[in-house]
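What follows is one structure encoded as structure tokens, with my remarks underneath.
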Amino acid sequence: LAGAEFRVYEDASCGTQATTADGSAAVFTTAADGTAGTLEMKAGTYYVKETKAPDNFKLNGTVQAVTVESSAEAVVTVKDTPIIYGGVKVKKTDGQGTTAQGDASLAGAVFTITDASGNDVKTITTGADGTASTGSTDLVEGSYTVRETKAPAGYLVNSTWKQSFTISEHGTVIT
């Protein structure tokens, strides 16, 4: 959990950054164990917001109010959610069956993966066995569509085929 950054503000809208008792910006950065140490602040109510998430975690945008009493320590606990990554595997098939006919090869088919916003995010190419896949952590959590965009030599693109899938479980490759 190293590298999360938290800023302390004077207002709930997080428009005015607070300063520590010595006048420096009130900013915490977490260590590997997720702790961030302490800042010496004047007594008062402050608002803490995560401004940078640790690697592979989602940013927690919740603003937490904390009241600092004179000569007392106030503790803020923030829970981060891991980012879910996954992948997809597709298989090009011959219209007559699952294997290539005669001397043909199913290698070289290109499939394009599109996210829910319509952005092409990745292409994958089939090997000799007709399969193509991303890695198990190449796609971030969300909904996608995969479609064939280039056929192998001797074949036609199946322009009517597309498959929708959702990455919702970490490390899973959808087939």
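The values are calculated or read from the model by the stated rules, or taken from the named source; none is laboratory data. In this text the structure is predicted, and so the values were computed from the model without any measurement. Heads up, the Cβs are rebuilt from the backbone with ideal geometry, glycines too, and the neighbour counts pull from every protein chain shown. We work out accessible area using only protein heavy atoms, side chains counted, and drop any ligands, DNA or RNA first. Shrake-Rupley method; radii C 1.70, N 1.55, O 1.52, S 1.80 Å.
Of note:
- Protein heavy-atom accessible surface, 1.4 Å probe, per residue over the chain: 59 Å².
- Greater than 29 Å apart at Cα, pairs in Lys58/Lys150; Lys52/Lys122; Lys49/Lys122: Lys58/Lys150; Lys49/Lys122
- Distant-in-sequence amide contacts of Asp138, defined by a placed amide H-H separation under 5 Å and a gap of 5 or more residues or a different chain, comprise Gly86.
- Computed extension gain for Ala2 through Thr62, at 0.36 nm per residue and net of the alpha carbon distance, reaches 19.7 nm.
- Radius 15 Å from Cβ of Ala109, net charge of other residues (Lys, Arg +1; Asp, Glu -1): +4
- The range 49-66 residues near the modelled His170 label - backbone nitrogen below 11 Å, point 7 Å along Cα→Cβ: 56-58
- Convex hull per residue volume in Å³, alpha carbons only, for the chain: 132 Å³
- Other residues whose C-beta falls under 14 angstrom from the C-beta of Ser136 contribute a net charge of -1, scoring Lys and Arg +1 and Asp and Glu -1.
- Expressed as a whole percent, the accessible surface of the range 10-118 that belongs to carbon and sulfur atoms is 47, based on a 1.4 Å probe.
- Packing-based ranking of 124-137, 75-88 yields 124-137, 75-88, ordered from highest to lowest mean Cβ neighbour count within 10 Å.
- With K and R counted +1 and D and E -1, the other residues having a Cβ less than 9 Å from that of Thr175 yield a net charge of +2.
- Full extension of the segment from Asp120 to Ala25, taken as 0.36 nm per residue of separation minus the current Cα-Cα distance, would add 30.1 nm.
- When every Cα-Cα distance of the range 1-92 is counted in 10 angstrom steps from zero, the calculated P(r) takes the values 16, 45, 24, 7, 5, 3, 1 percent.
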